[in-house]
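Here is the structure we will look at, set down as structure tokens.
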Amino acid sequence: MNMAVEEAIPRAVGEGKSPSTIRFWHNSNTIVLGCFQSAKLEVNMDACKETGTEIVRRFTGGGAVYHDSGNLNYGISLRKDHPLVPGQNLQSVFEKLSEGSVQGLRKLGVKAEFQPVNDIQIDGKKVSGAAGSIRWNTVFHHGCILVNSDLSILEKVLNVPKAKLEDRHVASVQKRVTTVRDELGRDVSTREVRDAIVDGIQSCYGVGVESGVLTKEELGLAEELYQTKYSRLEWNLEP
Amino acid sequence: MERWADYKALGGKLVRVRLREEQGQIRSIRITGDFFLVPEESLGKLEKMLEDAPLREGELRLLVNRFFRGTGAQGLGVSSDDFVKAILSAKEV
């Protein structure tokens with residue numbers, strides 16, 4: 001259902017039915033594939049069965065990510081004409097809309113930096129990946145932050161192609177990714193990171209953030225999208 | 001004949017090509033990977049345009065360039081040149 005909500009909000013924002021929104025959310029053990037990825041090539045199905053990991057697909061491009069309860073996800077939906085939208089260039093969108101998260105992570109005490117195309121890194125290790133799209137009259141940007149995720153499961157369930165690792169001169173996923181917990185050297189909750197990112201967004205963009213819940217329309221649309229798309233194997237596992 | 005390639009684009013993303021070739025022409029092709037392409041639905045159009053195309057650089061380049069011009073699609077982490085090179089690098093399985 002989370003993937004359906006992820007699509008429902010930018011649609012509602014684009015239609016003027018919802019205000020500009022940042023949504024924070026969690027998944028239990030789940031692989032989220034990019035919309036162009038092959039489940040067969042990217043996912044270790046046996047390891048998913050062993051670890052009880054679900055496989056779903058989002059509507060945006062980019063690479064597969066592993067979610068668990070130690071992972072903080074966020075999605076930003078802005079109408080195309082919103083003053084924070086840096087234009088219709090996806091690279092500029094990723095850079096601009098990652099700034100709030102970068103600032104938030106820095107407030108916690110880590111040296112986070114945006115790394116094109118779509119990563120946030122700490123000392124050369126990826127701590128967050130972003131994806132997004134420009135459609136439905138909306139600029140949409142979402143990302144996942146590894147707060148205290150179990151990286152050992154991540155390495156089991158994702159088939160990372162050799163070409164990706166060779167390029168970065170590292171031998172494993174675990175050596176090229178990190179968590180906020182590991183970088184801070186202390187326990188940190190997803191709530192603490194969320195609050196830091198909200199602070200980062202407010203100070204970085206000069207906007208206010210008010211908490212709220214999904215509207216009736218967003219929920220209705222999400223339910224419809226779930227039934228017709230996101231609950232279906234042909235969407236999640238094909239091609 | 002089945003051919004496939006995992007091609008690392010200059011922009012850092014992976015383009016994975018699986019195609020069926022007959023007599024030097026693409027009969028069917030599936031392009032997957034971790035790149036970005038907006039609008040997302042346009043990838044299906046590109047695959048459709050490549051069906052029955054000769055596996056030759058000049059023709060492929062024309063087709064892929066025509067796809068980007070015609071659809072106004074925006075790639076990130078991957079370029080038209082990367083799609084062409086990925087297809088041409090597909091080796092027999």
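None of the figures in this text is laboratory data; all of them are computed from the coordinates on show. Bear in mind the structure is a predicted one, so any value in this text is a computation, not a measurement. When we count neighbours, we look across all protein chains shown, and the Cβ atoms used for this are built from the backbone with ideal geometry, even at glycine.
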Of the GluC sites (Glu not before Pro) in the stretch B:42-76, those whose Cβ has at most 14 other Cβ within 10 Å and which sit in DSSP loop: B:E51
Helix-only [θ]222 nm of the protein assembly as shown, DSSP H runs n ≥ 4, -39500 (n - 2.57) each, per residue, nearest 500: -11000 deg cm²/dmol
The stretch A:1-62 versus the stretch B:43-78: alpha-carbon centroid distance in Å: 28 Å
Bridge type composition, chain A - antiparallel percent by DSSP, nearest 5: 85 percent
Cα-based reach from A:K49 at 19 Å (exclusive), listing aspartates and glutamates while leaving out same-chain residues under 8 positions away: A:D68, A:D150, A:E155, A:E234, A:E238
A:V213/B:R61 FRET efficiency (R0 41 Å; Cβ-Cβ; nearest 0.05): 0.20
Per-residue average of Cβ from other chains inside 10 Å of B:5-16: 4
Rounded if a/c under 1.5, otherwise prolate or oblate - the protein assembly as shown, Cα gyration tensor axes: prolate
Residue-averaged beta-carbon neighbours from other chains (10 angstrom radius) around A:86-98: 2
Gained length - A:M45 relative to A:H82, 0.36 nm times residue gap less alpha-carbon distance: 9.2 nm
Average partner coverage of A:118-130, which counts Cβ from other chains inside 10 Å: 1
Cross-link pairs beyond the 32 Å C-alpha cut-off, checked among A:K96/A:K216; A:K107/B:K13; A:K156/B:K13; A:K156/B:K48; A:K107/A:K216; A:K80/B:K91: A:K156/B:K48; A:K107/A:K216; A:K80/B:K91
Gyration tensor (alpha-carbon) shape descriptor, the stretch A:1-151, a/c threshold 1.5: oblate
